[in-house]
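What follows is one structure encoded as structure tokens, with my remarks underneath.
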Amino acid sequence: MRLDVVRRLAHGGPATCAELDGGRPKSSMSHHFRVLREAGVVRTRAEGPSHINELRRAELDRLFPGLLAAVLGETAPTRRKRS
């Protein structure tokens, strides 16, 4: 479920908890979002009654180059060798 949330945020941008729940119980999803937040993968901000989740892609790519791309099955950009 957490990998699905990360994929959806990576390809669709920020989304509310309700948009990402996949029909699962709120209590189960709260646990998954908490794990993702504590791991530093997503950030959540309140907007009125909604909570907006956002992938921390820039920070993850800076700290762990290529990791998120590998997890998502994306092709990482190749680095050119210096002559």
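Tell me, yes or no, whether region 69-76 has at least one residue that is among the small types (Gly, Ala, Ser), loosely packed, with under 14 Cβ neighbours inside 10 Å and in contact with a helix residue (DSSP H, G or I) (Cβ under 7 Å, 6 or more places away or on another chain). Taking every residue of region 69-76 in turn, at least one turns out to be among the small types (Gly, Ala, Ser), loosely packed, with under 14 Cβ neighbours inside 10 Å and in contact with a helix residue (DSSP H, G or I) (Cβ under 7 Å, 6 or more places away or on another chain). Contact map, region 35-49: residues that are among the aliphatic types (A, V, I, L, M) paired with residues that are assigned to a strand (DSSP E or B) and surrounded by 10 or more Cβ atoms within 10 Å (Cβ to Cβ), Cβ distance under 6 Å, separation 6+ or inter-chain. Pairs shown: 36/42; 42/53; 42/55. Considered as a group, the residues in region 11-55 that are surrounded by 11 or more Cβ atoms within 10 Å (Cβ to Cβ) and of a type in the set (S, T, N, Q) include one that is farthest from residue 69 (Cα to Cα), and that residue is 50.
Considering (1) assigned to a strand (DSSP E or B); (2) closer than 13 Å to residue 3 by Cα, the lone condition that residue 33 does not fulfil carries the number (1). Restricting attention to region 23-51, the residues that are over 15 Å from the mean Cα position of the chain (by Cα) and either at positive phi or among the small types (Gly, Ala, Ser) (or both) add up to 6. Of the residues making up region 24-52, those that are farther than 17 Å from residue 8 by Cα, out of contact with any strand residue (DSSP E or B) (no Cβ under 8 Å at 6 or more places or on another chain) and of a type in the set (Ser, Thr, Tyr) are 27, 28. On the given criteria, is residue 38 farther than 18 Å from residue 74 by Cβ and modelled with pLDDT of 95 or more? Yes.
The values are calculated or read from the model by the stated rules, or taken from the named source; none is laboratory data. Being a predicted model, the structure only gives us computed values, none of them experimental. FYI the Cβ positions are ideal-geometry reconstructions off the backbone, even for glycines, and counts take in every protein chain you see.
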